[in-house]
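A short worksheet on the structure shown next.
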Amino acid sequence: MVFGQVVIGPPGSGKTTYCNGMSQFLQLIGRKVAVINLDPANDALPYECTINIEDLIKLSDVMAEHSLGPNGGLVYCMDYLEKNIDWLESRLKPLLKDHYLLFDFPGQVELFFLHQNAKRVIMKLIKKLNLRLTAVHLVDAHLCSDPGKYVSALLLSLSTMLHLELPHVNVLSKIDLIESYGKLAFNLDFYTDVQDLSYLQHHLDQDPRSAKHRKLTKELCEVIEDYGLVNFTTLDIQDKESVGNLVKLIDKSNGYIFAGIDASAVEFSKIAVGPVDWDYYRVAAVQEKYMKDDEMFDNVESDDK
Ligand SMILES: Nc1nc2c(ncn2[C@@H]2O[C@H](COP(=O)(O)OP(=O)(O)OP(=O)(O)O)[C@@H](O)[C@H]2O)c(=O)[nH]1
Ligand SMILES: [Mg+2]
């Protein structure tokens, strides 16, 4: 069984940096990782990518040949990838024996809650290659500093979850920068747990610009609450503890924690409802060695934040 992550999220939310940092972390805890770049707009990749969509199709060629802008060009590229899925499959097959897969996707959010192409690419791979993938949806924590933007982040997360139908983890990325945006209206838990949005509506009503959309905001918040699906975990990609906690969540969501365990259904359910602390037992020796290594994230890009 092959496990991996589909890394998605709005432009600049940190997907490529995440793939770089996550691949380093996973390698340090003993996994063989392959990063697959499926974003034709990604230039100057910070990680060594095993498969690059640029070898199949170039966004600049598509834009020039079909007189498309970058958004239309990306939709075309995903369409082209779907039609040429054999190209991707043949490159993935040699990795299936022992690799963990990280897919770096484009930041055009409509590809993941509206169009079918990217979803069909993912579903075809899952079906044909028997993959166990979790969607890791990154949203810049900056959006918490503005209640209106936060509601849009909630809606985006919900629509992406419903559209992709994958095990799904929503992440507030760049959490290390959250204090630089000023004091938040509520504690961070309020934003991660998404428990009672009436406080947020009340807060929005204080602003005369938002007050005129009161009814709309209320309805949108009710949709989010009625589904009850969205919550967030936080991430600072340069903090190994933060990355480690996220890895445990993802491993639980896609079933990696069950890999290689020969147990009864009862044992499986005990693991499923238990705390997510298994990884450190399984790879304790390797991890102990590397978790002490302060330089483990030296190669993660930290400039330009
Ligand atoms: N402080 C901080 N900066 C981060 C973190 N993750 C990413 N960044 C910065 O955010 C910026 C955008 O990161 P990218 O990885 O290029 O984002 P992306 O989602 O791949 O962007 P697109 O491919 O354009 O959609 C870069 O300057 C990163 O260094 C983080 O956890 N903390
Ligand atoms: Mg990127």
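So for region 140-152 (the condition being within 16 Å of ligand 2 (Cβ to nearest atom) and modelled with pLDDT of 95 or more), does at least one residue qualify?
Among the residues of region 140-152, at least one is within 16 Å of ligand 2 (Cβ to nearest atom) and modelled with pLDDT of 95 or more, which makes the answer yes.
Mind listing just one residue for me: the one in region 165-201 that is surrounded by 16 or more Cβ atoms within 10 Å (Cβ to Cβ) and among the small types (G, A, S) and, of those, modelled with the lowest pLDDT?
A185
State yes or no: is L177 out of contact with any Lys or Arg (no Cβ under 6 Å at 6 or more places or on another chain) and either among the basic types (K, R) or touching a residue at least 60 places away in the same chain (Cβ under 8 Å) (or both)?
yes
Can you name every residue in region 23-44 that is of a type in the set (G, A, S), within 16 Å of ligand 1 (Cβ to nearest atom) and modelled with pLDDT of 95 or more?
The answer is S23, and nothing else.
Going through region 4-48 one residue at a time, which ones are more than 16 Å from A118 (Cα to Cα), part of a strand (DSSP E or B) and in contact with an Asp or Glu (Cβ under 8 Å, 6 or more places away or on another chain)?
K32, V35
Is at least one residue of region 177-186 of a type in the set (A, V, I, L, M, F, W, C), touching a Phe, Trp or Tyr at 6+ places or on another chain (Cβ under 8 Å) and closer than 28 Å to R214 by Cα?
Yes; the residues of region 177-186 include at least one that is of a type in the set (A, V, I, L, M, F, W, C), touching a Phe, Trp or Tyr at 6+ places or on another chain (Cβ under 8 Å) and closer than 28 Å to R214 by Cα.
I'd like to know if region 29-39 contains one or more residues that are over 22 Å from L235 (Cβ atoms) and in contact (Cβ under 8 Å) with a residue 60 or more places away in the chain.
Among the residues of region 29-39, at least one is over 22 Å from L235 (Cβ atoms) and in contact (Cβ under 8 Å) with a residue 60 or more places away in the chain, which makes the answer yes.
Tell me which residues, restricted to region 162-192, are touching a strand residue (DSSP E or B) at 6+ places or on another chain (Cβ under 6 Å) and more than 22 Å from I237 (Cβ to Cβ).
L164
For L101, work out the one condition from (1) within 16 Å of ligand 2 (Cβ to nearest atom); (2) closer than 17 Å to C19 by Cα it doesn't fulfil.
(1)
Quick check, is Q116 outside the structural domain of P208 (by TED's automatic domain parsing), within 16 Å of ligand 1 (Cβ to nearest atom) and under 20 Å from L81 (Cβ atoms)?
No; evaluated as a whole, the condition is false for this residue.
For K215, are the conditions met, namely being under 19 Å from F112 (Cβ atoms) and at pLDDT below 95?
No, not satisfied.
Tell me the residue from Y47, Y80 that is more than 16 Å from ligand 1 (Cβ to nearest atom) and either surrounded by 14 or more Cβ atoms within 10 Å (Cβ to Cβ) or among the charged types (D, E, K, R) (or both), please.
Y80
Could you figure out which of (1) within 16 Å of G9 (Cβ to Cβ); (2) of a type outside the set (S, T, N, Q); (3) out of contact with any strand residue (DSSP E or B) (no Cβ under 9 Å at 6 or more places or on another chain) isn't true of F105?
(3)
Looking at (1) under 13 Å from the mean Cα position of the chain (by Cα); (2) over 28 Å from A118 (Cβ atoms), can you tell me which one M161 breaks?
(2) is the only condition that M161 fails.
Looking at L235, L162, which one is closer than 30 Å to I122 by Cα, in the same structural domain as L249 (by TED's automatic domain parsing) and either at pLDDT below 90 or buried (at least 18 other Cβ atoms within 10 Å of the Cβ) (or both)?
Going through L235, L162 in turn, the sole match is L235.
List the number of the failed condition for H137; all other conditions in (1) within 16 Å of ligand 1 (Cβ to nearest atom); (2) over 22 Å from N20 (Cα atoms); (3) in contact with a strand residue (DSSP E or B) (Cβ under 8 Å, 6 or more places away or on another chain) hold.
Status for H137: all satisfied but (2).
Given R91, R132, which one is away from ligand 2 (no atom under 16 Å from the Cβ), modelled with pLDDT of 95 or more and within 24 Å of I250 (Cα to Cα)?
R132
Give, as residue ranges, the helices (runs of 4 or more DSSP H) completely inside region 96-212 that count at least 1 residues that are acidic (D, E).
Helices (runs of 4 or more DSSP H) meeting the threshold: 110-113, 188-193, 198-205.
The values are calculated or read from the model by the stated rules, or taken from the named source; none is laboratory data. Treat the numbers as computed from the prediction; the structure is a model and nothing was measured. Positions of Cβ are generated from backbone atoms using ideal geometry, with glycine treated the same way; all protein chains shown enter the neighbour counts.
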